[in-house]
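The values are calculated or read from the model by the stated rules, or taken from the named source; none is laboratory data. In this text the structure is predicted, and so the values were computed from the model without any measurement. Counting neighbours? That spans all protein chains shown, and the Cβs are built from the backbone with ideal geometry, glycine included. Each accessible area value is taken on the protein alone, full model and side chains, heavy atoms only, with ligands, DNA and RNA left out. Shrake-Rupley method; radii C 1.70, N 1.55, O 1.52, S 1.80 Å.
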Amino acid sequence: MDSDSVLPLSIQLPVIHFSDKTLKPGSSEWDQVKSDVRKALEDYGCFEASFDKLSMELKKSVFEAMEELFDLPMQAKQRNVSSKRLHGYLNMSLHEGLGVDDANVLEKVDEFTQQLWPDHGNKTISETLHKFSKQLSEVDATVRRMILESFGIEKYIDEHLNSTNYLFRMMKYTPADNDDGEEPKQGLRTHTDTNFITILHQYQVDGLEVLTKDGKWIQVKPSQDYFLVMLGDTLSALLNGRLSPPSHRVMVSKKRYSTALFSVPKPEFIIDSPEELVDEEHPRRFKPFVYNDYIHFFHSEVGRRAQSALHDFCAI
Ligand SMILES: O=C(O)CCC(=O)C(=O)O
Ligand SMILES: [Fe+2]
């Protein structure tokens with residue numbers, strides 16, 4: 001198989017269930033899930049996850065909200081601006097995206113709907129997107145807590161969890177000239193995410209592909225029940241490269257919607273591996289950095305061409 005081959009659909013990423021009832025830090029269920037998370041991230045840098053918390057009804061409401069949002073006139077969507085790169089409205093050839101900064105905070109989501117509907121906002125959509133982002137942000141915190149615990153660096157958990165903001169993005173992919181069913185085209189280039197953790201959901205239509213360590217593409221099947229939880233560059237750097245972020249891309253052959261909640265380091269936070277993760281066997285791999293400088297490099301000509309932008313930016 002060459003590096004462009006896609007594995008048969010029957011090959012699956014690890015699936016992990018997060019139960020509301022039994023998953024409490026310190027419980028045996030917690031320890032089991034923690035070890036599954038660690039193993040999946042070591043093997044693939046990501047896993048599929050289901051959560052009791054997120055109801056079918058809420059996912060359906062998010063999908064309907066997206067349809068309504070992307071159906072707005074271009075002028076309205078273009079009012080979704082952000083001072084941060086790739087956090088506002090984006091329109092590329094096969095891909096459109098809308099972004100909500102601090103989507104776990106209701107007033108911030110209200111600001112977003114107010115941008116699009118300046119007269120009155122959209123209370124229903126605000127509440128839907130806020131509820132969804134808030135619940136996913138709690139999952140993100142659980143996963144990051146488990147990862148730090150699994151490396152024995154519990155003492156940094158509070159500081160680490162406080163070091164993030166949440167960005168919620170909605171994506172719509174439209175095949176060129178409505179050529180539904182034709183040969184898939186690349187809707188999003190191969191990349192790793194720059195942030196800490198990403199929690200993705202595909203709404204009915206597939207397209208997301210993840211690269212395995214041995215260079216094979218896995219198609220991630222869409223499912224109402226599953227989210228893809230994925231490691232980003234910055235968490236990998238914080239962990240002294242002990243876990244690696246997976247490369248992924250989106251192939252488009254049909255109209256497709258997806259959402260992602262990104263935990264993003266706060267601008268002032270310095271990303272530096274704790275000394276506990278550095279020893280003879282694991283020498284320090286990255287210089288300390290702040291996220292904005294990395295983002296700047298990632299989007300530069302050199303960063304875009306790099307095999308690993310993180311490595312080129314701050315490897316020792
Ligand atoms: O649309 C998707 O499924 C993936 C989006 C993605 O990888 C990203 O926004 O970083
Ligand atoms: Fe991504």
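Worth a mention:
- Hz values of 3J(HN,Hα) by residue in the range 279-295 - Karplus curve (6.51, -1.76, 1.60), Gly and Pro given as x: 7, 4, 6, 10, x, 4, 9, 10, 6, x, 8, 9, 4, 4, 5, 5, 4
- The angle between the Cα long axis of helix 56-70 and the longest principal axis of the Cα atoms of the chain comes to about 60 degrees, rounded to the nearest 10.
- The range 15-276 - convex hull of the alpha-carbon atoms, volume per residue in Å³: 124
- The stretch between Lys60 and Glu138 holds 26.1 nm of extra length on full extension. This uses 0.36 nm per residue minus the Cα-Cα distance.
- Lys/Arg +1, Asp/Glu -1 at C-beta; the chain dipole; positive extreme among Gly26, Leu98, Ser133: Leu98
- Probe 1.4 Å - accessible area at His201, Å² to nearest ten: 10
- Folded to 0 to 90 degrees: helix 123-150 orientation relative to the chain principal axis, Cα: 10
- For Val290, net neighbour charge (Lys/Arg +1, Asp/Glu -1) across residues whose Cβ lies under 15 Å away: 0
- Dipole magnitude for the chain: computed about the Cα centre from +1 point charges on Lys and Arg Cβ and -1 point charges on Asp and Glu Cβ, it is near 260 debye.
- On Cα atoms only, tilt of 28-44 relative to the major axis of the chain in degrees: 80
- For Ser247, residues with placed amide H under 5 Å, excluding near neighbours: Leu211
- Placing R0 at 35 angstrom, the Cβ-Cβ distance between His120 and Asp52 gives a FRET efficiency of 0.50 after rounding to 0.05.
- Surface share of carbon and sulfur [accessible, 1.4 angstrom probe, percent] for the chain: 48
- Per-residue extension of 0.36 nm, minus the Cα-Cα distance of His296 and Ile270, leaves a gain of 7.8 nm for this segment.
- With 0.36 nm allotted per residue and the present C-alpha distance subtracted, the Val278-Glu29 stretch has 86.7 nm of extension available.
- Structure remark: mean-square fluctuation, Gaussian network model of the chain, C-alpha springs under 10 Å; the largest value among Ser83, Ser300, Ser19 belongs to Ser83.
- Positive-end residue of Ile271, Leu208, Ser163, charge dipole of the chain with Cβ unit charges: Leu208
- In the context of the full set of protein chains, residues of the chain present 47 Å² of accessible surface per residue (probe radius 1.4 Å, heavy atoms only).
- Springs join every pair of Cα atoms under 10 Å in this Gaussian network model of the chain, and among Leu235, Leu98, Leu86 the largest mean-square fluctuation is at Leu86.
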